[in-house]
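J.: Can you keep this structure in mind? I'll have questions shortly.
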Amino acid sequence: MTNVMARGGRLFYISRMEPTQKTIGQLALESPNAIAVLEKMSIDYCCHGNRSIDAACNDAGISVQDLLSAIGQAPADASGRDWSATPLKDLQEYIVTTHHVFTRDMLATVNQLAAKVGDRHGANHPEVVQVRGLVLQLVGDLIPHMMKEEQILFPYVEQLEAGDAQPPFFGTVRNPVRMMMMEHDAAADLLVELRRVTADYTLPGDACISFRALYERLQDLEQDLHRHIHLENNVLFPRAVELENVSRVTSAL
């Protein structure tokens, strides 16, 4: 049995069985319109994208039907792509040129702003001192994380897809994938802590332009990282593991 909703002049079908069959990460992948709704409802679809839709909604304190209705009414996302069918080389290039470039630029921006705001407002607003420390941790974690992906993991996956991969020094792609996912979890924890210490980025009455810019840019970084991690955890990494499995079985024949 299905629910039928209008979306962008098209009919959008949602099976009532889907919440018990699919994960929240699969929902975000299959319906790009869902991502904006999941962000608004603070539902983690990236680092914990392997939870069922039922479990994710239960954790967020909303009903599955309310979530699906909101997605069905969301504006069409013209930029949505079927990443599940995109060549991995193209997907990795998109991640690097879009998300990695944005992340590096935004980290540089929030790092400068956090230092400036901490110096000027730390005495009256001690939370910005905590923000400064958390931003430094993000910078220290994410810069080498992206470098490892670009220099080690992504080239190996590209070779796998091309059919000319040599046995890697890390044994199997599962090992760097496991490490990258652990580092994603650590970054997600820092984002959660930033929201906690800033009371969901609530600005004090005496916030200056730099103070406002810091909180705005941190939210921009958070939203992009969610999409970034979603593409890696829920699309790239599972496909890379499966590709390696197929490659090794084929080689053994």
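The values are calculated or read from the model by the stated rules, or taken from the named source; none is laboratory data. From a predicted model like this one, the values you see are computed outputs, not experimental measurements. Quick reminder, even Gly has a Cβ in these numbers, built from the backbone with ideal geometry, and neighbours come from all protein chains shown.
J.: From the list Asp82, Asp90, Asp77, which one is within 20 Å of Glu242 (Cβ to Cβ) and modelled with pLDDT under 85?
T.: Details: Asp90 fails: modelled with pLDDT under 85; Asp77 fails: within 20 Å of Glu242 (Cβ to Cβ).
Residue meeting the stated conditions: Asp82.
J.: Related question: Would you say Leu67 is part of a helix (DSSP H, G or I), buried (at least 19 other Cβ atoms within 10 Å of the Cβ) and at pLDDT below 95?
T.: Values: part of a helix (DSSP H, G or I): yes; buried (at least 19 other Cβ atoms within 10 Å of the Cβ): yes; at pLDDT below 95: yes.
It is true that Leu67 is part of a helix (DSSP H, G or I), buried (at least 19 other Cβ atoms within 10 Å of the Cβ) and at pLDDT below 95.
J.: Check segment 246-253 and report whether any residue there is more than 16 Å from the chain's Cα centre (by Cα), at pLDDT below 95 and not in a helix (DSSP H, G or I).
T.: Looking through segment 246-253, at least one residue is more than 16 Å from the chain's Cα centre (by Cα), at pLDDT below 95 and not in a helix (DSSP H, G or I).
J.: Please tell me if Arg227 is under 20 Å from the mean Cα position of the chain (by Cα) and within 18 Å of His48 (Cα to Cα).
T.: Details: under 20 Å from the mean Cα position of the chain (by Cα): yes; within 18 Å of His48 (Cα to Cα): yes.
Yes, satisfied.
J.: Let me ask another. Looking at Met147 and the list (1) farther than 21 Å from Cys47 by Cβ; (2) assigned to a helix (DSSP H, G or I), which single condition is not satisfied?
T.: (1)
J.: Look at segment 164-180 and say how many of its residues are in contact (Cβ under 8 Å) with a residue 60 or more places away in the chain and either over 17 Å from Gln151 (Cα atoms) or not in a loop (DSSP other than H, G, I, E, B) (or both). Can you show your working first?
T.: First, pick out the residues of segment 164-180 that are in contact (Cβ under 8 Å) with a residue 60 or more places away in the chain: 165, 172-174, 177.
If we keep only those that are either over 17 Å from Gln151 (Cα atoms) or not in a loop (DSSP other than H, G, I, E, B) (or both) as well, we get 174, 177.
Going through segment 164-180 one residue at a time, the tally reaches 2.
So that you can scan it fast, the table gives a plain yes or no per residue for (1) assigned to a helix (DSSP H, G or I); (2) in the same structural domain as Leu142 (by TED's automatic domain parsing); (3) within 17 Å of the chain's Cα centre (by Cα); (4) of a type in the set (A, V, I, L, M, F, W, C):
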| site | (1), (2), (3), (4) |
| --- | --- |
| Leu91 | yes, yes, yes, yes |
| Ile95 | yes, yes, yes, yes |
| Thr98 | yes, yes, yes, no |
| Thr103 | yes, yes, yes, no |
| Val110 | yes, yes, no, yes |
| Leu113 | yes, yes, no, yes |
| Gly118 | yes, yes, no, no |
| Asn124 | no, yes, no, no |
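J.: Would you mind stating whether Ile209 is exposed (fewer than 15 other Cβ atoms within 10 Å of the Cβ), within 23 Å of Thr103 (Cα to Cα) and among the aliphatic types (A, V, I, L, M)?
T.: Details: exposed (fewer than 15 other Cβ atoms within 10 Å of the Cβ): yes; within 23 Å of Thr103 (Cα to Cα): yes; among the aliphatic types (A, V, I, L, M): yes.
So Ile209 fits the description; yes.
J.: What tally of residues in segment 194-227 results from selecting those that are without any contact (Cβ under 8 Å) to a residue 60 or more places away in the chain and part of a helix (DSSP H, G or I)?
T.: The qualifying residues number 8.
J.: Further question on the same structure: Would you point out the residue of segment 154-178, among those that are within 18 Å of the chain's Cα centre (by Cα) and closer than 22 Å to Thr97 by Cα, that is surrounded by the most Cβ atoms within 10 Å (Cβ to Cβ)? Before the answer, list the steps.
T.: We begin by selecting, within segment 154-178, every residue within 18 Å of the chain's Cα centre (by Cα); these are 154, 176-178.
Now drop any that are not closer than 22 Å to Thr97 by Cα, which leaves 154, 176-177.
Numbers: Phe154: 23, Pro176: 21, Val177: 21.
Within segment 154-178, the match that is surrounded by the most Cβ atoms within 10 Å (Cβ to Cβ) is Phe154.
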